[in-house]
Structures are given as structure tokens and as C-alpha cells.
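The values are calculated or read from the model by the stated rules, or taken from the named source; none is laboratory data. This structure is a prediction, so every number in the text was calculated from the model and none was measured. Here the Cβ positions follow ideal geometry from the backbone for every residue, glycine too, while neighbour counts run over all protein chains shown. For the accessible areas, the whole protein counts, side chains as well, though only heavy atoms, and no ligand, DNA or RNA atoms are used. Shrake-Rupley method; radii C 1.70, N 1.55, O 1.52, S 1.80 Å.
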Amino acid sequence: MYPYDGETSDTLMKHADMAMYRAKEQGKNQYQFFNGEMDQTVLQKTMIETDLYEAIEQKQFVLFYQPQFDVQTKKIIGMEALIRWMHPKLGMISPGVFIPIAEETGQIIAIGEWVIEEACRQIKRRNEQTGLSLRMSVNISPKQFLKENFVEHIDSVLRETSLPAHQLDLEITEGVAVFNEQYTIHKLQQLKRLGVCISIDDFGTGYSSLSYLRKFPIDRLKIAKPFIDGMTEEKEDVAVVKAIIVLAQNLKLRVIAEGVETLSQFHILETLQCDEIQGYVFGKPLDADAFENTYLQNQLPNE
Ligand code: C2E
Ligand code: MG
Ligand code: MG
């Protein structure tokens, strides 16, 4: 709107563009008016993008680890690697802020490769030291998964670290199915041949059809946190979680609930025969040392 949103045609067009992007981000088929906060967001984005290049060069990233437990035995069975950015001026930045930007700019490729290498080194060392055979879950973003040399990179990291492939679990999202189903199936088959595990992260929140479940060679569904959140209040959410668990059982997939915050949620999941859980109720993400001190001391090795 002239003159409130800009005095020149250039500025007006630029701001109209930002409003359009916001409308698209929020699910399309709607309109948005420009506001100053959108300009802020763009500024912040540009700053993060610039700083990310340095972060990659200077290795400013660290991995935190969150434990995953078997519901029946209550024992730790693995962990998820969650990246953090130690920004020299801003302190710790969470992945929710910079991963979407890195995905947009393509920087996710370099970051993602580092995550896989670091996570594999860590779990190999931990399993050797403790005699346990824990599994390491790593988040893979769609752009990373779709990159043509993705499988080769995983293969070379497994060889370099001599990590048994089944101890690596790749978390992908339903989104990769939307891009190109045939290509995704082909990539997943190659990964399965290497022997790695595949999980669908945030299951139930994507827009894809369920038909892919029959076609994708996957091992595990991760029930998204919003369903778990609602379970103690909403009968409908219990119904959804129950349906996902039954679906997984019938498809011979393991199922893990994420974002479990309370004991009452845990008890419902136990009754519904969910296989595994991850959440603040049993453990928050910790850095490598704290993780080892908290979860790996006094653990008996698996048979
Ligand atoms: P995600 O893979 O679904 O990971 C779960 C997120 O939920 C993590 O947030 C975790 O700290 C948080 N969480 C776990 N349990 C609870 C709980 O009981 N309550 C609450 N409120 N939160 C819980 P985080 O670490 O901030 O990561 C956010 C997202 O960033 C991840 O969601 C994942 O999509 C992405 N991400 C993290 N690390 C990486 C990475 O190395 N590569 C890629 N591509 N994405 C990553
Ligand atoms: Mg995940
Ligand atoms: Mg998730």
C-alpha cells in the first residue's frame, strides 16, 4: 500500500514479494499484507546465511544427544543426534532457526555431511567403550537425501569408521516422498542394501498419502509430538496414536513416540504397546560428556 509500505515502486514490489512468500509459507491460497516484521525476518535470514558460511569453515557446530528407550525393558537402546550452533556472538542457536535457512541455501549439504561423520565416530567410540550396541539416529533433510552422492557418502563414512551399518538410523520426513516417489524408493533400496535403518520422522504431520508406506523399505515410524501432546486431554489424539501403532505393527515396523513429556503420556503409550519412547520425561538432549555421564555409566552391556 503506497505510501505506507514503500515510497518507490522498487520498495513496494520488494515488500509485496515478501508478503507473497509469507502467504505461500502459511499454506498458500490466501493473502497477506506486508508488515515491518517481515523485513526483520529477511534481515535476520541474510545475517544467518552469511554467518553460516563461517560456521561451516570454523566448525562452530556441536551435536547433542537425546536418549531413546525401550518401553518394555526401560533400557536405553539408542540416541538421536541433534545439532546446535555455537555462534561466537549470539551463543547457542537451535536447529529450528538455522536448518530451514541452510536447507534453502544448500548449506545443509556440508552441514549434514559433518553431522553424519561426527555422529558415526561418536557412536562407534561409545559402543566400543561401553560394550553396548546402541543405535544412533541422524536427521536427514530432504535436499541432503536427494543429493546424488548421498548413498556413497554414507557408505564411505561407514567404511571409514567401521561402524556396523545397523547401528546407524537415518530419520527422513514424509516430504521426500512428495518430490519423486520412484527416485526415493530407489535411494532407500540402496541404503537398505548397505544395512542402515530408516525411520520416518514426525510421522503424521506431512501431507503425503499413506500409500508410500507399502512401497518404502523403512524400519520405523516416529509419532510426531503434537499427537503425543494431546493424548491426555483429547480422546481423538489417543485414537490417532493407537491407529499409528496398530498400523506399524501390521506393517512390521517399529514405532517410537517422540516428545513424551509426562508419565501419564508414557503410561498411555505403554498400554497401547508402543515399542520405544523419546522425550523430556526420560531425558533431554545433552552434550557428549553429559550424555555419557548420565546414561552410559552403570549400563550393563547387551547380550
Ligand atoms: P526432530 O528431529 O523432530 O527432533 C525432535 C526435537 O524435539 C528436538 O528439537 C528435541 O530437542 C525436541 N524434543 C525432544 N523431546 C522433547 C520433549 O519431550 N518436549 C519438547 N518440547 N521437545 C522435545 P531440536 O533439537 O531443537 O531440533 C529441532 C529439529 O531440527 C529436529 O526435529 C530436526 O528436524 C532438526 N534437526 C536437528 N538436528 C538436525 C541435523 O543434524 N540435521 C538436520 N537436517 N536437521 C536437524
Ligand atoms: Mg528427528
Ligand atoms: Mg521429529
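Quick notes on this structure:
- The equivalent ellipsoid that matches the C-alpha gyration tensor of region 150-303 spans semi-axes of 27, 24, 13 angstrom, in descending order.
- Region 1-141: relative contact order in percent, alpha carbon pairs under 8 Å with at least 6 residues between: 18
- Region 143-250, relative contact order in percent, only Cα pairs under 8 angstrom and at least six apart counted: 22
- When the Gaussian network model of the chain links Cα atoms closer than 10 Å, the mean-square fluctuations of Glu160, Glu57, Glu258 top out at Glu57.
- Measuring nothing but how far apart in sequence close Cα pairs (under 8 Å, 6+ apart) lie, relative to its length, the chain scores a relative contact order of 16 percent.
- Under 5 Å, built H, 5+ apart or other chain: amide partners of Ile77: Gln68, Phe69, Asp70
- Helix-derived mean residue ellipticity, 222 nm - over the chain, DSSP H n ≥ 4, -39500 (n - 2.57), to 500: -15000 deg cm²/dmol
- When all protein chains stay in place and ligands, DNA and RNA are ignored, the 1.4 Å accessible-area order of Tyr21, Tyr31, largest first, is Tyr31, Tyr21.
- Simple spin-label estimate for Gln297 and Thr50 in nanometres, 7 Å along Cα-Cβ: 4.5
- Region 42-74 residues near the modelled Lys14 label - backbone nitrogen below 16 Å, point 7 Å along Cα→Cβ: 42-47
- Student exercise, region 110-250 dipole from Lys, Arg, Asp, Glu Cβ charges, in Debye to nearest 20: 460
- What a 1.4 Å probe finds exposed on region 58-160 is 54% carbon and sulfur by accessible area, rounded to a whole percent.
- Solvent-accessible area per residue for the chain (1.4 angstrom probe, square angstrom): 53
- Region 1-141: translational diffusion in µm²/s, Stokes-Einstein, Kirkwood Rh over Cα pairs, 10 °C, 1.306 mPa s: 88
- Distance (nanometres) between label positions extended 7 Å along Cα→Cβ at Thr205 and Met1: 3.4
- Three principal axis lengths of the chain [C-alpha, angstrom, descending]: 72, 48, 38
- A Förster distance of 35 Å, applied to the separation of the beta-carbon atoms of Asn250 and Leu146, puts the FRET efficiency at 0.75.
- Potential lengthening of the chain between Ile185 and Asp287 amounts to 33.3 nm, from the contour at 0.36 nm per residue minus the alpha-carbon distance.
- Förster-model FRET efficiency, 22 Å R0, Glu104 and Ala243, C-beta, rounded to 0.05: 0.05
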